[in-house]
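*Asks:* This is the structure I want to talk about, given as structure tokens.
The values are calculated or read from the model by the stated rules, or taken from the named source; none is laboratory data. Everything quoted here is computed from the prediction, not taken from an experiment. Virtual Cβ from ideal backbone geometry, glycine too; neighbours counted across all protein chains shown. Quick note on the areas: whole protein, heavy atoms, side chains included, nothing else; ligands and nucleic acids left out. Shrake-Rupley method; radii C 1.70, N 1.55, O 1.52, S 1.80 Å.
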Amino acid sequence: MNDNEQQAIKVRLDKWLWAARFYKTRAISKEMINGGKVHYNGQRTKSSKFAEVGATIKLRQGHDEKEIVIKQLSEYRQKGSIAQTLYEETPQSIAKRATYAEQRRLNILNNPAPEQKPDKKQRRQIMRFKAS
């Protein structure tokens with residue numbers, strides 16, 4: 001596709017997020033946009049907004065928050081390798097996600113889950129401790 005064809009295509013934001021494989025279905029994509037989890041050029045948006053090349057999108061997926069720039073438009077869901085060419089994640093976003101992942105990993109190491117469930121006596125002690 002050349003640049004003229006790229007400019008002629010109008011793709012809804014929910015459809016583009018689905019085609020770029022950020023969300024499994026268009027319904028989930030629309031729900032995330034309407035729920036305020038997706039920001040288009042720094043502002044909340046509607047799912048009917050048309051995506052543009054060069055626009056910045058900030059979205060949340062689970063614990064991660066990504067900031068991406070649209071490189072190409074597509075209204076069809078294709079292979080993952082092709083979908084990755086539709087956008088580029090900003091270096092700041094990559095660094096931020098790495099630090100948060102490391103923090104989550106360290107928190108798990110510092111607060112490990114107990115090896116086993118507490119028995120009846122230990123549960124009573126826990127209840128007494130919480131009550132006082």
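*Asks:* Do you know which residues across the range 86-132 are among the small types (Gly, Ala, Ser) and within 25 Å of LYS71 (Cβ to Cβ)?
*Replies:* Matches in the range 86-132: SER93, ALA95, ALA98, ALA101.
*Asks:* For the range 34-53, what are the residues that are in contact with a helix residue (DSSP H, G or I) (Cβ under 6 Å, 6 or more places away or on another chain), farther than 20 Å from GLN78 by Cβ and open to solvent by less than 60 Å² (accessible area, probe 1.4 Å)?
*Replies:* VAL38, SER47
*Asks:* Further question: Among the listed residues LEU106, LEU86, which satisfies the condition of being in contact (Cβ under 8 Å) with a residue 40 or more places away in the chain and among the hydrophobic types (A, V, I, L, M, F, W, C)?
*Replies:* Of LEU106, LEU86, the one residue that is in contact (Cβ under 8 Å) with a residue 40 or more places away in the chain and among the hydrophobic types (A, V, I, L, M, F, W, C) is LEU86.
*Asks:* Could you list, in sequence order, the residues of the range 83-105 that are open to solvent by 80 Å² or more (accessible area, probe 1.4 Å) and of a type in the set (A, V, I, L, M, F, W, C)?
*Replies:* Scanning the range 83-105 gives a single hit, ILE94.
*Asks:* Tell me which of these LYS24 doesn't satisfy, since it passes every other one: (1) open to solvent by less than 80 Å² (accessible area, probe 1.4 Å); (2) closer than 28 Å to THR99 by Cβ.
*Replies:* Condition (1) is where LYS24 drops out.
*Asks:* Something else: From LYS24, LYS71, LYS58, which residue is under 28 Å from ARG105 (Cβ atoms) and in contact with an Asp or Glu (Cβ under 8 Å, 6 or more places away or on another chain)?
*Replies:* Exactly one residue qualifies, and that residue is LYS58.
*Asks:* Looking for whichever is over 18 Å from ALA19 (Cβ atoms) and part of a loop (DSSP other than H, G, I, E, B) here; the options are GLY54, GLY36. Which one fits?
*Replies:* GLY36
*Asks:* Considering only residues that are of a type outside the set (S, T, N, Q), open to solvent by 70 Å² or more (accessible area, probe 1.4 Å) and in contact with a helix residue (DSSP H, G or I) (Cβ under 9 Å, 6 or more places away or on another chain), which ones fall in the range 54-82?
*Replies:* Those that are of a type outside the set (S, T, N, Q), open to solvent by 70 Å² or more (accessible area, probe 1.4 Å) and in contact with a helix residue (DSSP H, G or I) (Cβ under 9 Å, 6 or more places away or on another chain): LYS58, ARG60, HIS63, LYS71, TYR76, ARG77.
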